[in-house]
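Enquirer: Dumping the structure here so I can ask a few things about it.
Every read-out reported here was derived from the displayed coordinates using simple, explicitly stated rules and does not represent laboratory data. Nothing here was measured: the structure is a model prediction, and the numbers come from that model. Please note: Cβ atoms are built from the backbone with ideal geometry, for glycine as well, and neighbour counts cover all protein chains shown.
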Amino acid sequence: MDSSVLFGVATIGYMLSMVAYITYLVFRNRQIGLVATGITVASFIAQTIAFLMRWVEGYEMGLRSFWRPPISNLYESLIFFVWCLILGYLIIEFKYRNRSFGAFITPVAGLALAFIEMTGMSKEIQPLMPALQSNWLLAHVTMSFIAYAAFGLSFGTALMYLIEKTEERTEPAYIFWTVSLGVLIVLLAAMGLDFMKYHVLATNSEVIKDYLFRATFKSGSSVVSLAS
């Protein structure tokens, strides 16, 4: 069994925990909350083991030194981002005893890992280019994705605060952020449709290299251009 199998298990686990946390948020049932936390912890352990397995695999193949963690490409970086995100969430949950937060964090983790499967991203362990074999790159990538995870946590916190504190639907803040969230969902849906259309016509490498640069105001897609 290689690391990709456990990463797949973690992906399914995070999606299940997302459903469980949202159910807990709606019904406030303690047993459902315990199940959600249990699934998240199990998925996090599976992802941690998979991450360590990939680390060892790269070393045994002679492609990396033992002291260089597997964060050298987009696939590995996304996995590291999700790992940091869930680690941060679990620390918050066990410190403050608040499981409602999980309904806003686990969707980010599950969708980030699902993105890997949707795009057919290469999972092969590849050596770094000589120009990139630097400890500065390691520090840069590590700190960058820890910061991305912190941004993800702050996003979830802000969204939870918005929903729980704006109880009156006539409040200006509620109206403003509801409209903003609606616009965001429309943009993401438009980009998703455009992405699926482009994925059919392009190879996996072209999708990863070019798609994020196409989905801009200059995009050839009328859907994304209009939404932008």
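Enquirer: Take the Cβ-Cβ distance between ILE185 and GLU57 as r, set R0 to 35 Å, and report the resulting FRET efficiency rounded to the nearest 0.05.
Expert: Taking R0 as 35 Å, the efficiency between ILE185 and GLU57 is 0.35.
Enquirer: Sort 114-121, 36-43 by the packing proxy (mean of other Cβ within 10 Å over each peptide's residues), most packed first.
Expert: The peptides rank, most packed first, as 36-43, 114-121.
Enquirer: A follow-up question, please. Can you tell me which of 96-104, 11-19, 134-142 comes out highest on packing, and rank the rest after it, using the mean Cβ neighbours within 10 Å?
Expert: So the order, starting with the most tightly packed, is 11-19, 96-104, 134-142.
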